[in-house]
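Shown next, in structure tokens, is the structure this report addresses.
None of the figures in this text is laboratory data; all of them are computed from the coordinates on show. Not measured: the values here are computed from a predicted model. Don't worry about glycine lacking a Cβ; one is built from the backbone with ideal geometry, like all the others, and counts go over all protein chains shown.
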């Protein structure tokens, strides 16, 4: 059963890699959760309370929004690029080095808030906090380690906020997350493809402190969500054949501390530090739930991911009542390491440079445009292929372009 375990470990690797979001953030998180925040590299997210997207970044911010009802709809268009460069692989070249594993991806988000009275507000967010797709050329050198990965997540976040007084507001929320995973590899003895899904519940809460009209400080925490995905596993007979399987995964918890300061009627500055609990992901295994091997667990794949910090600073310039221009920079550490990294997740430390603009199209409506480029450090990989024991050794050259648009309206 050693060979079977080794190949099922490959399945696990594909699973977690399918959950990557190399296009947006370290690990498999998607940082781009609003169109207005893109231009500031999401600096000040838990303190900005600029539009209805505060439901996600800090529900306490709903009490600071204008009007009775606020809505925001946004879309991010992402173009990740990650290309393998061989250095010392013992795996045969096959059809080459895999091409560009990234592709254009569209991610929609929607937010709504309503003020019930002077104290209470409620809101909802529908968004995609994790996911995206990686796809290497069929027959490439590393196809036994990674070929195609696909994760789709859908999250509904319902929140309520209470304004304690003019200085303090608090907010809490509940999250329903649904995940669908499909991923495959072409190993030496056949084709392996699990297709799994699950849903889970998590919570979030935040606080907003506004000592003056010019100053806001926000803090926000989001809990981890435990998933036990189940579904079908397609596999060659030599490792037990096809059947049902399950794999466990925990999304990370996060904590953000943000501040926004209006220096003048024209200028704002903001900053943010966000901690992400990636250390939840240390080892991951797949368990068959049908057939002669039901109940058996493969050798666990070791990730040894570590908790990370993301830091960002940004500024806004408002020359008149119609326009607001944004800029921001951020540094996002990877949770991965050079020993355990795979081509399914060629993640590395990244630096964001972002620009954006907002145009008021009416007294109550605004359109935001944003662009960010992520400069990503070269990602080293040194992996052993299942069955053959041959190695994939090299580095990935990565970068990401992010385009966003958002319309927000206050009623």
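Relative contact order, percent, of the stretch 225-370 when contacts are C-alpha pairs under 8 Å separated by at least 6 residues?
Numbers: 321 pairs, mean separation 24.4, N = 146.
Taking the mean separation of contacting Cα pairs over the length of the stretch 225-370, I get 17 percent.
At residue 273 and residue 230, where each label point lies 7 Å from the Cα along Cα→Cβ, what is the point-to-point distance in nanometres?
4.3 nm
Given Cα positions, please report Rg to Rh for the chain, the hydrodynamic radius being the Kirkwood one. Write out the running numbers ahead of the final one.
Details: Rg = 22.3 Å, Rh = 21.9 Å.
Rounded to two decimals, Rg/Rh equals 1.02.
How high is the FRET efficiency from residue 135 to residue 371, r the C-beta distance, R0 25 Å, rounded to 0.05?
Between residue 135 and residue 371 the formula returns 0.55.
How much FRET efficiency would the formula 1/(1 + (r/R0)^6) give for residue 294 and residue 264, where r is the Cβ-Cβ distance and R0 is 60 Å, rounded to 0.05? Working shown, then result.
Numbers: r = 68 Å, r/R0 = 1.13.
Given R0 = 60 Å and the Cβ-Cβ separation, E is 0.35.
Modelled label-to-label distance, residue 174 and residue 325, 7 Å Cα→beta-carbon offset: nm?
4.6 nm
Taking the chain as a Gaussian network, where each spring joins two C-alpha atoms under 10 Å apart, which residue of 76, 33, 282 fluctuates the most?
Maximum among the listed residues: 282.
For a Förster distance of 35 Å, can you work out the FRET efficiency between the beta-carbons of residue 407 and residue 349, rounded to the nearest 0.05?
0.55
Using only helices, what value at 222 nm comes out for the chain when you add -39,500 (n - 2.57) per DSSP H run of length 4 or more and divide by the total residues, to the nearest 500 deg cm²/dmol?
When only DSSP H runs of four or more count, the value is -2000 deg cm²/dmol.
Helix 2-18 versus the longest principal axis of the chain: what is the Cα-based angle in degrees, 0 to 90, to the nearest 10?
Compared with the principal axis, the helix lies near 20 degrees.
On the Cα set of the stretch 181-263, report Rg and Dmax in Å, please.
22.1, 68
Working out 0.36 nm times the residue gap between residue 282 and residue 302, then minus their Cα-Cα distance, what length gain in nm do you get to one decimal? Show your work: numbers first, answer last.
Working: separation 20, 0.36 × 20 = 7.20 nm, distance 0.60 nm.
Length difference between fully extended and current span is 6.6 nm.
Roughly how many whole Å is it from the C-alpha centroid of the stretch 61-110 to that of the stretch 115-148?
If we compute the Cα centre of each part, the gap is 8 Å.
Report the gain in length on full extension from residue 338 to residue 317: 0.36 nm times residue separation, minus Cα-Cα distance, nm rounded to one decimal.
Gain on extension, residue 338 to residue 317, equals 3.5 nm.
Pick from 91, 233, 293 the residue whose mean-square fluctuation is largest in a GNM of the chain, springs joining Cα atoms under 10 Å.
293
Would you look at the GNM of the chain, springs on alpha carbons closer than 10 Å, and say which of 191, 42, 369 moves the most?
Largest GNM mean-square fluctuation: 191.
Which whole-number percentage describes the relative contact order of the chain, with Cα contacts under 8 Å and a sequence gap of 6 or more?
Once normalised by length, the contact order is 22 percent.
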